[in-house]
Amino acid sequence: MPLLVLCAALGLPFPLPLFANRVQTLDEFRYPSQAKAEAAWTAGRNTPAVVVETGALRFPCPFSEDYERASWDRELALDLSREQVFQLDLFCANPMAIRSVALYFKSGAGWYLWMSPLREAGRQTLVFSKKTVSTEGAPAGWNRISAIRIGVNRAAALDTELRLIRLTAEVCSIAVVQGTLSAPADEKNAARNAAQRISRRLNEAGIAHAALDDGDVIAGGLNAGVRVAILAYNPTPPASEIKALTRFVKDGGKLVVFYSSEPALAELMKVRLGGYATAQEHGQWSGFAFNRSTPEGVPDNVFQESANIRKMAPADESARVIATWVDAGGFPGRDAAWIQSGNGFWMSHILLDGDDDNKALMLAGFLGVYDSSVWPAVAARALSASGKINSCFSYEETVREFSSPARRASQKTDVQRLLQEADTTRQSMIEDYNKRHYPAAVRRGRRLKALLTEAYSRLQDPRAREFRGVWNHSGLGLIPGSWRASCRLLSESGMTAVFPNVLWAGSAHYKSRIVPLSTPGRLYGDQLQQCLDAAHAYRLEVHAWKVCWNLDNAPASFVDRLKKAGRLQVSSEGRTLDWLCPTNPDNIADELGAIRELLEAYAVDGLHLDYIRYPGSHACFCKGCKARFEQALEQTVGLWPESARNGRFSEAYAAWRAGQITAFVKAVHDEIRRINPKIRLSAAVYGNYPECAKTLGQDWGQWLDEKLVDFVCPMTYFNDPATFQLALRKHLALPGAKGRIYPGIGVTALESRLAPDEVIEQIGLLRDQRAAGFMLFELNRTLERETLPVLRLGPTRE
């Protein structure tokens, strides 16, 4: 049997080629006997011994017993002074029981350590960078490592285990450079986020890389075997960094540069910089189309919605445009998105989230030009991941899981055809890998994933009279002026309601007497009425999304006026926040007035409250809250805010805060019943109930119990299906919850990003729990292009 077929059948790791001894395997976790495994890995106090099995080593975690932590140590002498990244390849079927997995290296009288959560079930690789390491005690240096420790910290009283497959240390040929010295103070967070986004895409593709910053580059950090440096967002590198980058390039190194404005760096990369440009209309720069001179493996098209770019052109004949920006309709413009020169690649904006798989492939294609280790690693990761659908951990398990329901499915013929094509594609993929046709193997892996996902969808049947809502954060549809197309898409995909975000505490997407008109409302007209006209034509409900208290989208002059009037929240540290204080009578009147105005002017089917809470336990501690709390308490509280934040009145204050929010919800409820009892009131709420009642003042369980809302949408944004299922059970068991919980599925949330098969699995779980419906976050290009086309084949089929 070929080696790769054997690895696939047994669920073993695919062999990765080694290049220039850059990868040091610290442990492959394959021991010939139980005795040798126990001798190598010593169990900590009250921790069970490791267990030998084929291709891995089991680390049992009996957390249903009185264990808070399990740990195992292995003694060995290592010099890890050159390595930059450590990767732990593991399998865990039940990560819900685990708060974090810890990796320690003992050095002298101290330890280097990391802790990482497990965000999903199944096979996964945890990546630990020296850039993010913590220490305990006084470690003596990376050249004096004397032991490795694996630790697991408990999150829930459930038994689980880790199956460890490989631990490696790597000297990376690729580095992601975070802008620190090159970014102004107000851009440092953006620079950090840009570097983290690129790092996530590389990790998803299986590309190991070092994490550096501007200071590391100046100090010679690119001299340690780095072949390609990615400048994620380094707008104005200092002269000393330009000098280091110039030396790096002259020595044969290559750069991938995003959105820099430094002329010296552009000159080095043979790029002529133009001016900063902002989009004149929504969707002007909605993606980039690559031309025929693009490196192998790069997708033809990549979606990205950018609001601004820095224009550019090749500086001489050694550079060329390899991609141009396209608009929301897919039509190419004249603005260059990517330029390639002999020294690397340059993009006219930063890399944003969205179309993540294609962006990972794009980066792999660029890096593969300069580093021969990239495509084998990407192909091996694709082989490992392509057969995984929902909670099945391998291709073989997926096929077994599908075989029985396929025989009785309503779309049996289609499912069987898809599984047959999947088998052929799988074999071709393995053949491509064996022949070292790595980009071809990756393309077949994507096709295999698509076939299995479609088969999984066609195994599902729709549920009658199910509520299926979609949040739209922009409040503009997919693009401005597209409400008819957006609603047609939702209707044809089996959705029943749209939730457009049209009213904030400081702006509205329509003319209001109480809050300012938003910029989109001024540019594109009344978004709520446009949505209503289109949605009702396609028999969709419209639930107007109202952001309470939060002033993020308000004009600065509007916020300043409220601040001068003392109407904003104040943190426990005394900092004024851009949030209305929800106990201020004027704020309550304005928020209710804006809601009343909307309900009387528009034929909405529902009102959806968001941010119906405090920003956190650190607010609000303004003078007005103190006076009103003391009045309710009928006594003075003494030292403020300490007595209410962490002192003798902290519990009473937390309950009082929650009572203020509940009182506002009741006021909205009563207003709706007065204006039109058919309008349904709902709220987007935090999933960690009842903790959120204390920390955020959001006691939504009470709202359900007292029938103040018609339904709630808990933001159950989890990648792990077991964690999602546990949250569902807790929510649906609350008094008054029956038929009134529509769980939120985080397709593209900050907390979770779900592939279509993962969305299908979560829909199946909530149906198993008899939830009355669900919500999808959110209406965007990912939902349009990836999620909805799959859902309409099965779970939401009409």
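The values are calculated or read from the model by the stated rules, or taken from the named source; none is laboratory data. Remember, predicted model here, so these are calculated numbers, not experimental data. These area figures cover heavy atoms from the full protein model, side chains too; ligands, DNA and RNA do not enter into them. Shrake-Rupley method; radii C 1.70, N 1.55, O 1.52, S 1.80 Å.
Anything over 20 Å Cα to Cα? Flag those among Lys564/Lys623; Lys564/Lys626; Lys546/Lys738, in the order listed. Flagged as over cut-off: Lys546/Lys738.
Taking 0.36 nm per residue of separation and subtracting the Cα-Cα distance, full extension of the segment from Asp159 to Ala279 would add 37.9 nm. Scalar couplings 3J(HN,Hα) for the stretch 389-399, obtained by applying the Karplus form with A = 6.51, B = -1.76, C = 1.60 to θ = phi - 60°, are 10, 6, 9, 6, 9, 7, 4, 4, 5, 4, 5 Hz; x denotes Gly and Pro. With one equal scatterer per alpha carbon and no solvent term, the Debye-computed log10 I(q)/I(0) for the stretch 603-697 at 0.13, 0.16, 0.19 1/Å reads -0.53, -0.72, -0.90. The phi torsions of the stretch 690-702, fed into the Karplus equation with coefficients 6.51, -1.76 and 1.60 and a -60° offset, translate into couplings of x, 4, 5, 5, 7, 7, 10, x, 10, 9, 6, x, 5 Hz, rounded to whole numbers, with Gly and Pro shown as x. By accessible area, using a 1.4 Å probe on protein heavy atoms only, the chain has 48% of its surface on carbon and sulfur. Per residue, the chain exposes 41 Å² of solvent-accessible protein surface, assessed with a 1.4 angstrom probe and all protein chains in place. Helical runs assigned H by DSSP (4 residues or longer) give the chain a calculated mean residue ellipticity at 222 nm of -10500 deg cm²/dmol, each run adding -39500 (n - 2.57) before division by the residue total. I need the fraction of alpha carbon pairs in the stretch 682-798 separated by more than 17 Å, rounded to a whole percent. Summing the P(r) tail past 17 Å for the stretch 682-798 gives 53 percent.
Mean shadow of the stretch 368-427, computed from the convex hull of its alpha carbons, in nm²? Its Cα hull, projected and averaged over all orientations, spans 5.1 nm². Trp504 contributes about 20 Å² of solvent-accessible surface, heavy atoms of the protein only, 1.4 Å probe. Once the Cα atoms are used to define both axes, helix 650-675 deviates from the longest principal axis of the chain by about 60 degrees. Within the straight-line cut-off of under 20 Å between alpha carbons, the lysines reachable from Lys188 are Lys131, sequence neighbours fewer than 8 places apart in one chain being disregarded. Here the Kirkwood formula puts the hydrodynamic radius of the stretch 466-538 at 12.4 Å, using every distinct Cα pair.
Along its principal axes, the stretch 282-353 has C-alpha extents of 34, 25, 21 angstrom, given from the largest down. Counting only alpha carbon atoms, the long axis of helix 239-250 and the longest principal axis of the chain meet at about 40°. Relative contact order for the chain: what is it in percent, counting Cα pairs under 8 Å that are at least 6 residues apart? Reported relative contact order: 9 percent. Taking each of Lys250/Lys435; Lys694/Lys730; Lys254/Lys388; Lys412/Lys449 in turn, the alpha-carbon distance tops 25 angstrom for Lys250/Lys435; Lys254/Lys388. Labels on offer are (1) 43, 33, 31; (2) 51, 33, 30; (3) 51, 32, 26, and the one holding semi-axes √(5λ) of the Cα gyration tensor in Å computed from this structure is (1).
Relative to the dominant Cα principal axis of the chain, helix 585-601 is inclined by about 90°.
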